[in-house]
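Reading through the structure tokens given below for one structure.
The values are calculated or read from the model by the stated rules, or taken from the named source; none is laboratory data. If you're wondering where the values come from, they're calculated on a predicted model, not measured in any experiment. Ligands, DNA and RNA are stripped out before the accessible areas are found, and what is left, the full protein with its side chains, is counted by its heavy atoms. Shrake-Rupley method; radii C 1.70, N 1.55, O 1.52, S 1.80 Å.
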Amino acid sequence: DIKDGNPPTLILALEYLRRNNKLNPTAFPLEYWNKIKKWYNWFLNTQKDGDIFLFRWHDSIHQMGASFTSGMDDFPRPIYSRGHVDLQSWMYFFTKFMIETAHIYGES
């Protein structure tokens, strides 16, 4: 399904590079930065629960109380919960990365 998402763990490595001043347009071209922006927007558009900024994993398996796409399929989840704390944390981290990296590419 187009809404099935996995944790954006690539951002951990990119954040490490950014913090060590190794993430720049020479080492990480604009074309790659644009793909990261597209990926971030995909998360915002597909994993957000309604009009508020709560995020929940969507997956096509629909196992009661589990989310196989999150990598935490053994983690019990309330069936009718509005958001998933692990994805909420990933999105805060991803958003922080996007804000702090945008200036490298001349964006605000």
*Under 29 Å from the Cα of Lys48, which lysines turn up, not counting those fewer than eight places away in the same chain?*
Lys3, Lys35, Lys37, Lys38, Lys96
*Each residue of the range 23-29 in order: what ³J(HN,Hα) in whole Hz does its phi give by Karplus 6.51 cos²θ - 1.76 cosθ + 1.60, θ = phi - 60°, with x for Gly and Pro?*
9, 8, x, 6, 7, 10, x
*Using a 1.4 Å probe and counting only protein heavy atoms, arrange Leu12, Leu54 so the residue with the most accessible area comes first.*
Leu12, Leu54
